[in-house]
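Contents: one structure, followed by commentary.
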Amino acid sequence: MTEDRPLAPLHNRIYGSIVYWITFTSCLICFIGPMFAMIWPDNTAMNPYFTYSLIFEGMSGAEIWTALYGEWPWFHSVWWKNFFTGDGFTMFGVALGTTVALWALIPTMVVFAREKQYQYVIMSAIVCFMVFLAASGIVRLG
């Protein structure tokens with residue numbers, strides 16, 4: 001029965017495979033990171049009791065980030081500096097999962113270029129640029 005089905009275009013298979021595996025990896029990282037934080041509670045970047053007290057004081061998200069880490073996380077600087085902590089590792093998993101479109105579109109653009117579908121290369125580049133701006137912290141809400 002599967003032999004009767006047409007094969008999806010190469011760009012769809014590449015994009016879908018990359019999104020699948022990066023999302024799967026990201027989920028595993030986000031599952032393992034909190035376990036590291038529970039096993040080694042002294043090796044965490046943020047104290048949850050201090051974080052909750054800031055939230056209940058009514059601070060904004062930017063104020064809480066600044067109180068916890070001393071800076072706004074431009075270009076994912078917080079998880080990069082705290083990678084070997086439980087919550088830093090978890091933040092890496094979240095960053096990887098939320099930027100999956102960027103990592104999947106880069107090889108897909110190569111396939112589009114080989115197939116001479118330049119309009120899709122341009123649209124993919126625009127989406128990559130927008131994901132980069134959002135992930136870098138240059139463009140943000142609030």
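The values are calculated or read from the model by the stated rules, or taken from the named source; none is laboratory data. Everything numeric in this text was worked out from a predicted model, so none of it was measured. Note: ideal-geometry Cβ built from the backbone for every residue, glycine included; neighbour counts use all protein chains shown.
Picking from residues in the stretch 25-46 that are of a type in the set (Val, Ile, Thr) and at pLDDT below 90, the one that is surrounded by the fewest Cβ atoms within 10 Å (Cβ to Cβ) is Ile39.
Here Ser60, Ser53, Ser17 are screened, and the one residue that is of a type in the set (Gly, Ala, Ser) and touching a residue at least 40 places away in the same chain (Cβ under 8 Å) is Ser60. Can you name every residue in the stretch 45-102 that is in contact with a Cys (Cβ under 9 Å, 6 or more places away or on another chain) and small (Gly, Ala, Ser)? Within the stretch 45-102, Gly93, Gly97, Ala101 meet the criteria. Give the residue that is farthest from Ile22 (Cα to Cα), with candidates limited to residues of the stretch 82-140 that are part of a helix (DSSP H, G or I) and among the aromatic types (Phe, Trp, Tyr). Step by step, filter the stretch 82-140, then rank; the result is Tyr118. Within the bounds of the stretch 78-85, is there any residue that is over 17 Å from Gly137 (Cβ atoms), touching a residue at least 12 places away in the same chain (Cβ under 8 Å) and surrounded by 14 or more Cβ atoms within 10 Å (Cβ to Cβ)? Yes: the stretch 78-85 contains one or more residues that are over 17 Å from Gly137 (Cβ atoms), touching a residue at least 12 places away in the same chain (Cβ under 8 Å) and surrounded by 14 or more Cβ atoms within 10 Å (Cβ to Cβ). A single entry from Trp79, Trp103, Trp72 fulfils the requirement of being touching a Pro at 6+ places or on another chain (Cβ under 8 Å) and not aliphatic (A, V, I, L, M): Trp79.
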